1. Mind checking which of B:160, B:191, B:101 has the largest fluctuation in a GNM of chain B, springs on alpha carbons under 10 Å?
2. Would you please report the Å³ per residue occupied by the convex hull of the alpha carbon atoms in region A:113-255?
3. For region A:155-163, in order, what is each residue's ³J(HN,Hα) by Karplus, 6.51 cos²θ - 1.76 cosθ + 1.60 with θ = phi - 60°, in whole Hz (x at glycine and Pro)?
4. With a cut-off of at most 15 other beta carbons within 10 Å, and DSSP calling the residue loop, which trypsin sites (Lys or Arg not before Pro) in region A:124-201 qualify? Please list them.
5. Which of B:218, B:167, B:268 moves the most in a Gaussian network model of chain B with Cα springs under 10 Å?
6. In region B:7-118, if the dipole is taken from +1 on Lys/Arg beta carbons and -1 on Asp/Glu beta carbons about the Cα centre, which of B:81, B:107, B:60 is farthest to the positive end?
7. Run down the aspartates and glutamates and flag those whose C-alpha is under 18 Å from the C-alpha of residue B:200, throwing out any fewer than 8 positions away in its chain.
8. How much space per residue, in cubic angstrom, does the convex hull of the C-alpha atoms of the protein assembly as shown take up?
Amino acid sequence: MNLVVLVKQVPETTDVRIDRKTNTLIREGVSSIVNPFDMYAVEQALQIRDEHGGRVTCISMGPPQAEAALRETLALGADEAILLSDKAFAGADTLATSYTLAEAILKLGEFDLVICGKQAIDGDTAQVGPGVAEHLDIPHVTYVSKVEEISNRHIRVRRMTEEGYDVILSSLPALITVVREIGEPRMPSIKGTLRARKAQVITWTAGDLEADELMLGLSGSPTQVARIFSPEIRPGGEIIEGDSAHEKARNLLARLKESHLL
Amino acid sequence: MNYFLTEEQEIIKELSAKIAEEKIAPRAAEFDESEEFPWNLIRILADSDLFAVWVPEEYGGLGGGVFEQCLVVEELSRACAGVAVSYAASALGGFPILMFGTGEQKQRFMPEIASGSKLAAFALTEPDAGSDAGNIRTTAIRDGDHYVLNGTKQWITNGGEADVYVVIATLDPEKGPRGMTAFIVEKGTSGFDFGKKEKKMGIRASATTELIFKDCKVPVENLLDKEGKGFLVAMRTLDKTRPGVAAQAVGIAQGALDKAAEYASTRVQFGKRIGEFQAIEHMLADMATQIEAARSLVYNVAWMIDSGERHVTKAAAMAKLFASDVAMKVTCDAVQIFGGYGYMRDYPVEKMMRDAKITQIYEGTNQIQRSIIGSAVIKEALRRK
């Protein structure tokens, strides 16, 4: 089974500062980590590989420093790591990023399952995973909390919803994005870390991909950030009290009338 | 301070610290309360190769030594000394096999000890043989192709949880140390059972039990070294593992200092952070200095042992004595800096104080360490005459 994990290097702190002029993140002086949700994706991939065999390839797009994030995944046991790094990729929005990552996956050749974290903790868009799936023209399932079963042709997963979960059966190849409930990521091992230090992280530039250059980086990014702000916190719902179902219904009716909704 | 660690040692230290911080620290209070053996944490240590650091590569280890083992113990102890001692006790059981075992014995036991798939333990202490280790009463009688063991061992770390036990018994109690003989006894051997699990003041995540031998038949191929060499096996083993206890003490002390310094820089009284008061500042200074001195002593002894230096008894005793006294003092001071909060179980320092106490007691009380050091000093003086 060929498993691909998409990994992003993000600033360590969740307390990120924003450059008000460009509306982009200030990265100077902030140490970097692997996006925590991507660690769940790596863990899920390693578990599938450990059980069913195959290879785990981690791909990241970013500056040369992002190699450190990929080495972390190698220390955990990933088989191969590829860094997409080129000035031509810079300034990419989620559309151009997902296009570039999809092109890299196509260049890899055969794959069965692509796994991503549900979102990155810096941008928080949750768009790249589904975007990659669309570029690859494969099915995708977001917010996966459990892989129930995987065979050569199918995968059955649980998708978290606000009320509970959906059970979804998908054909392969497919893409899933995973949430924390998938399980704690493993710790690296000393042998794995030593191996990762020596391992080669392959770097692909724009020239290595058979990509349309106009769809890469800034030129392939139609997104315009108008303003960045903290959203207002949604107030919690109101629970209608009452001693019996009948009374609760009466109280609800009264509230609806009071609000001129009925 | 810079101890000029190699790249591999840095990796070992960083990974141990990461596991301590992310996996052990959040659960330390829980295991202290429940006194449950932390198998899931032990599995994490095993999967991360930490049990392999001191084992030669030919047995699946990483080829390090006492120094690497000390690095791990120190980092784990910063988060929980109970988990750290469960880890360290496996080395206490493993070292005698590595040092005195036959090639066949090493092939049989070391790979599983290195992978952490099996824990080891070391059994010397008995109800009437603590500091007076030569006074053990557990007997071993040769009977054809096996030995028959009878008696009770007390306060054995990893008792019941470990699979491999190095047990010191006597062929003849009248002979004292010269009758003592070491055996490797596997869990599940008929006639080998576990007695009560102790309820302890500290290191409560660790398992401490009696080992009970009732006509327990141990095959002759499990004899470790030769008949009558058990006392030597025990003493040489303890020389090698004493720096581990000392490293545990350094780790506990460092953990307590970290918490105290953090608290002193946030707690405000009389309109100032309490760390700005000289009374507290000087306490922190003494704590930090004593810890660094203890660490230097521990690392140095570990290097001596790993470099093959034969006469390490005095130095190992010094490291254990000094570091454990520092741990006791520093953890007491940490509780003092926390004031009333420090006395409460909601804060981590009272546990560290309870944990620190054992480091002055086990693997030779500090009174015994002083006797070892003192007699060595006298011997050196006589030699100079």
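1. Its mean-square fluctuation being the largest, the pick is B:191.
2. Working: hull volume 36.1 nm³, N = 143.
In region A:113-255, the Cα hull volume divided by residue count equals 253 Å³.
3. 9, 10, 10, 9, 9, 5, 10, 5, 8
4. Values: sites: A:146, A:153, A:156, A:158, A:159, A:180, A:186, A:191, A:195, A:197, A:198; in loops: A:153, A:186.
Answer by residue number: A:153.
5. B:268
6. The one lying farthest along the dipole's positive direction is B:107.
7. B:30, B:32, B:33, B:35, B:36, B:126, B:161, B:210, B:350, B:355, B:363
8. On the way: hull volume 160.2 nm³, N = 647.
In the protein assembly as shown, the Cα hull volume divided by residue count equals 248 Å³.
Rule-based calculations on the coordinates, nothing more; no lab input. Since this is a predicted model, take the numbers as computed values, not measurements. Cβ coordinates were reconstructed from backbone atoms using ideal geometry, including for glycine residues, and neighbour counts include every protein chain displayed.
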